[in-house]
Structure formats: structure tokens, C-alpha cells
Amino acid sequence: MTVLPLQCVAAAEPTKGPEPFAPKVTVGLIETIKYIDNLFATRVAKTSDGVAVTSPSLNIALENESTTLNLGGVAEFGNHFSNTSEDYIDYRVYATGRHRFNPNVLATG
């Protein structure tokens, strides 16, 4: 006869905490060529030029059951063909979010 030991242990319920964020990363690149017929916006002695604009972007979206966060940025590099003194670099950063406290209360920003 074989005897198997048996042990009973009460299992504790796992505690419910906030769900982890599921990140989503998006990377983009846009290349544009523009023609400007009056670069300096003057009435006389108009100067025309072309400009190549490169715009890389990055967006990070974090989301769980009750919260959404959206963080990112865009850069814009403008390179003029003839008037290189007018070249430019612009940056834009942003952050938006939403949190649902309960079915009736939602905060956004």
C-alpha cells in the first residue's frame, strides 16, 4: 500500500491593482518640397525659392483600462535651395491624457 501525503492550503485572492500600461511607439518621417514665390513677403523685389522640409516624428501612446497617455514630438528642418540664411529648425512637443475615475467621472487634458 502506498500512502501519498496531502496538504490543503487556502489560496489568497490576488489583489486587484491598476492594469499595466501597454505602450505603442510610432515613428514617422515626412519629406516635402515647397516653392515659395515671395520668400520675404515684400511688394517689390520679390524673391522666390524652393525649400526642402524634413519632418521626423515620434509618438508614444500608453493605455490601460482607465488611463490613456499620448506623448510625442515633431521636428521640422527647412533647407532653402538658394537662400540658405533662411534655413530653419522648429520643434513641437505634446502630451495629452485621459483618466476615467469611475463610469461617471472622466478627466482629460
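Which order do the peptides 53-66, 83-96 take when ranked by the mean count of other beta-carbon atoms within 10 Å per residue, highest first?
Descending packing order for the listed peptides: 53-66, 83-96.
Compute the Kirkwood hydrodynamic radius of region 22-108, taking the inverse of the mean of 1/r over all pairs of distinct Cα atoms, and give it in Å to one decimal.
Working: mean 1/r = 0.0626 Å⁻¹.
That comes to 16.0 Å for region 22-108.
Can you pull the one-decimal nm distance between simple spin-label points at Asn102 and Ser57, each 7 Å off the Cα toward Cβ?
Placing both labels 7 Å beyond Cα along the Cβ direction yields 3.8 nm.
What spacing in nm lies between the two simple spin-label points modelled at Asn64 and Ile33, each 7 Å away from Cα in the Cβ direction?
It works out to 4.9 nm between the two label points.
Step through the residues of region 23-36 one at a time and calculate ³J(HN,Hα) from phi using the Karplus curve (6.51 cos²θ - 1.76 cosθ + 1.60, θ = phi - 60°), rounding each to whole Hz and writing x for Gly and Pro.
Residue by residue, region 23-36 yields x, 9, 10, 10, 10, x, 8, 10, 10, 10, 10, 10, 10, 10 Hz.
So how much slack lies between Ala95 and Ala45, counting 0.36 nm per residue of separation and subtracting their Cα-Cα distance, in nm? All intermediate terms of the calculation are to be shown ahead of the outcome.
Working: separation 50, 0.36 × 50 = 18.00 nm, distance 4.28 nm.
Full-extension gain reported as 13.7 nm.
Can you work out ³J(HN,Hα) from phi for every residue in region 79-91, in order, using Karplus 6.51 cos²θ - 1.76 cosθ + 1.60 and θ = phi - 60°, giving whole Hz and x for Gly and Pro?
10, 6, 6, 10, 9, 5, 5, 9, 4, 8, 9, 10, 10
Near Thr42, within a Cβ-to-Cβ distance under 14 Å, what is the net charge of the other residues, with Lys and Arg +1 and Asp and Glu -1?
Once all neighbours under 14 Å are counted, the net charge is -1.
Which whole-Hz couplings ³J(HN,Hα) result when phi for each residue of region 47-56 is put into the Karplus expression 6.51 cos²θ - 1.76 cosθ + 1.60, θ = phi - 60°, listed in order with x for Gly and Pro?
Per residue, the Karplus-derived 3J(HN,Hα) values read 10, 9, 6, x, 9, 9, 10, 10, 10, x Hz.
Any read-out appearing in this document is the output of simple, stated calculations on the displayed coordinates, not a laboratory observation. Everything quoted here is computed from the prediction, not taken from an experiment. So basically every Cβ, Gly included, is an ideal-geometry build from the backbone, and we count neighbours across all protein chains shown.
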